[in-house]
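*Asks:* The structure is given below, and queries will be raised subsequently.
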Amino acid sequence: MIWRIGAIATAALVALPLLGLASSLLVGRAEMWRHLAETQLHDIVANTAVLLLGVGVGTTVIGTGTAWLVTMHRFPLSRMFEWGLILPLVLPTYIVGYAYADLLAFAGPLQSGLRAITGWQRADYWFPEPSSALGVATLFTFVLYPYVYLAARAAFLAQSQPLLEASRILGRGPWRTFFAVGLPMARPAIAAGTALALFEALADFATVQYYGVPTFTTAIYRIWYGMGDRDGAAQVAVVLLAIAVLLIVLERRSRGRARYHVTSNLRENAGPSDLTGWRAAAAGIACTLPVLLGFAVPATHLFLLAARSDMPQAAPAFLRDAIHSLVLAAVAAVVITGFGLFLAYAGRLVRRRRFNRVIEFASLGYAIPGAVIAVGILLPLTAADRLLGHTAKDLFGLSVGLVLSGTPVALLLAYTVRFLAVGIANIAPGLAAIDPAMDASAQILGARPSTILRRIHLPMLRGPAITAAIVAFVEVLKELPATLLIRPFNFDTLAVGVYRFASDERLAEAAAGALVIVAASLIPVILLSRSIAAAATSNRRGP
């Protein structure tokens, strides 16, 4: 019973920001909506549509195409590309945005070098302008395509090479085989990866703010801080949440009831085919460009900026922000992993469809933009602080201040709701791999569920739990929108510090904090590359 009640309570925790947003709908904000409609609403809707369409198409094409090339073919450096194509995940979108803003600026190194070499003036040449919805969508595409790449590659690894060879024997060439056999079988995974990329694009704040592209996230921040209207910001957040829910529904509908299975006699993998000549060169270029534009170029520029930054002046603030980030991320990682373990084990004990829906609902936070979670959490926490303040003053004559909404407690709650899915997604598969017969044997010997978890499962789940904690740590370290909205006064993190430096056009100082975030983010990428290599080895060996 306690496991069932605990899981329901955790799901209620995730529902807290949704309840906070729902309460805002009871407050009339017609004047705010009228002002928004007269100023930016048209641009906000148009920019959001361009971002979603551009990122959806771009990440699907690049992620699926590169996954097919490195999985089904061998060409020079193809094995290096298997893990190299994941590297853009290391860079948060806002950090890449800052790097390219400096690179592509009129006074930046690229245009300055071009004018120095050619002697041209500004009117003599055309140069791409990233400060538009299409430019930001292009930038997002080269950073977010690994979500589709990882999902598509896992799907392609599970496909049978003999099945694909049979398609070719029947007269279909490589391209027709890809579109007729490989792509349809991977469609559910590709749809899921694309949905994740769209969630990230929808949730971004710092990049679109820096490039001057108004979206719903920038509107939330402007209405909250610029107009001082929390209820109005919450109502805009409801619209953003509705778009996220629509994306989830479309992703589920796109998969439908599609299920693809390969019979056991077709699981032997004959190995990828070799590409030579111009085909090998084309495949190499197709895999090089995403890594180059999504990781190598911005990371190198950040390193060069950090090398010439005036860090001694900013060192005290940098150190303070780093301590805040590391402590918050460490505590949040422990909390997220603990809740993830609790929910995964509760699902193992209570095997009912309705209860599994509760656990799925608890994982919904990852699909909700950070700005939406921030607004939804602060509203009920502020109300709770008022109640605590009045109660403490009436009973004890004390002024307790903002115990919940004005302390890091609000941040930890937001991080837990936002990234709880990370803990569940990493621990649940490891728990499912443990033979239920072990639980049954322990129960026969009189062991309680908590004892079984502590004595049997926890030692076997050390690897998945560590992975969940590391991934959660890095996700919290990179999180900006929620942190920016609900952090306490004079409490900044590395991500907020990077944003503030970049907003002041001090990109050299921002680069140092960005590199710390990038270095920490390399750890889960290494774990991902190892898991992919293990999956590939297992797939080649067969069952």
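*Asks:* Of the residues that sit in the stretch 319-343 and are of a type in the set (Val, Ile, Thr) and surrounded by fewer than 22 Cβ atoms within 10 Å (Cβ to Cβ), which one is modelled with the lowest pLDDT?
*Replies:* Selected residue: Ile323.
*Asks:* Restricting to the stretch 488-521, name every residue that is of a type in the set (S, T, N, Q) and under 19 Å from the mean Cα position of the chain (by Cα).
*Replies:* Thr493, Ser521
*Asks:* Going through the stretch 16-60 one residue at a time, which ones are within 20 Å of the chain's Cα centre (by Cα) and open to solvent by less than 30 Å² (accessible area, probe 1.4 Å)?
*Replies:* Pro17, Thr48, Leu51, Gly54, Val55, Gly56, Gly58, Thr59
*Asks:* Still on this structure, please answer the following. Consider the stretch 293-308. How many of its residues are surrounded by fewer than 16 Cβ atoms within 10 Å (Cβ to Cβ) and assigned to a helix (DSSP H, G or I)?
*Replies:* Selection size over the stretch 293-308: 5.
*Asks:* Test of understanding: among Arg454, Arg418, which residue is part of a helix (DSSP H, G or I) and open to solvent by 40 Å² or more (accessible area, probe 1.4 Å)?
*Replies:* Unique residue meeting the criteria: Arg454.
Each row is one residue, and each column tells you yes or no for (1) in contact with a Pro (Cβ under 6 Å, 6 or more places away or on another chain); (2) polar (S, T, N, Q).
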residue	(1), (2)
Ile5	no, no
Ala11	no, no
Pro17	no, no
Leu25	no, no
Ala37	no, no
Asp43	yes, no
Leu52	no, no
Thr60	no, yes
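*Asks:* Do you know which residues across the stretch 106-130 are open to solvent by 60 Å² or more (accessible area, probe 1.4 Å), assigned to a helix (DSSP H, G or I) and within 24 Å of Phe142 (Cα to Cα)?
*Replies:* Matches in the stretch 106-130: Pro109, Leu110.
*Asks:* So which residues in the stretch 27-57 are in a helix (DSSP H, G or I) and of a type in the set (Lys, Arg), if there are any at all?
*Replies:* Arg34
*Asks:* Can you find a residue in the stretch 376-387 that is closer than 23 Å to Ser23 by Cα, polar (S, T, N, Q) and open to solvent by 30 Å² or more (accessible area, probe 1.4 Å)?
*Replies:* no
*Asks:* List pairs: first in the stretch 498-523 and under 20 Å from Leu104 (Cβ atoms), second among the acidic types (Asp, Glu) and open to solvent by less than 60 Å² (accessible area, probe 1.4 Å), Cβ under 7 Å, 6+ apart or cross-chain?
*Replies:* Between residues of the stretch 498-523 that are under 20 Å from Leu104 (Cβ atoms) and residues that are among the acidic types (Asp, Glu) and open to solvent by less than 60 Å² (accessible area, probe 1.4 Å), the close pairs are Phe501/Glu509; Leu507/Asp102.
*Asks:* If only one of Leu387, Leu398 is over 34 Å from the mean Cα position of the chain (by Cα), part of a helix (DSSP H, G or I) and free of Cβ contacts under 8 Å to residues at least 12 places away in the same chain, which one is it?
*Replies:* Leu387
The values are calculated or read from the model by the stated rules, or taken from the named source; none is laboratory data. Here the structure is a predicted model, which is why all the values come from computation and not from measurement. Virtual Cβ from ideal backbone geometry, glycine too; neighbours counted across all protein chains shown. The area values use the complete protein model at the heavy-atom level, side chains included, leaving out ligands, DNA and RNA. Shrake-Rupley method; radii C 1.70, N 1.55, O 1.52, S 1.80 Å.
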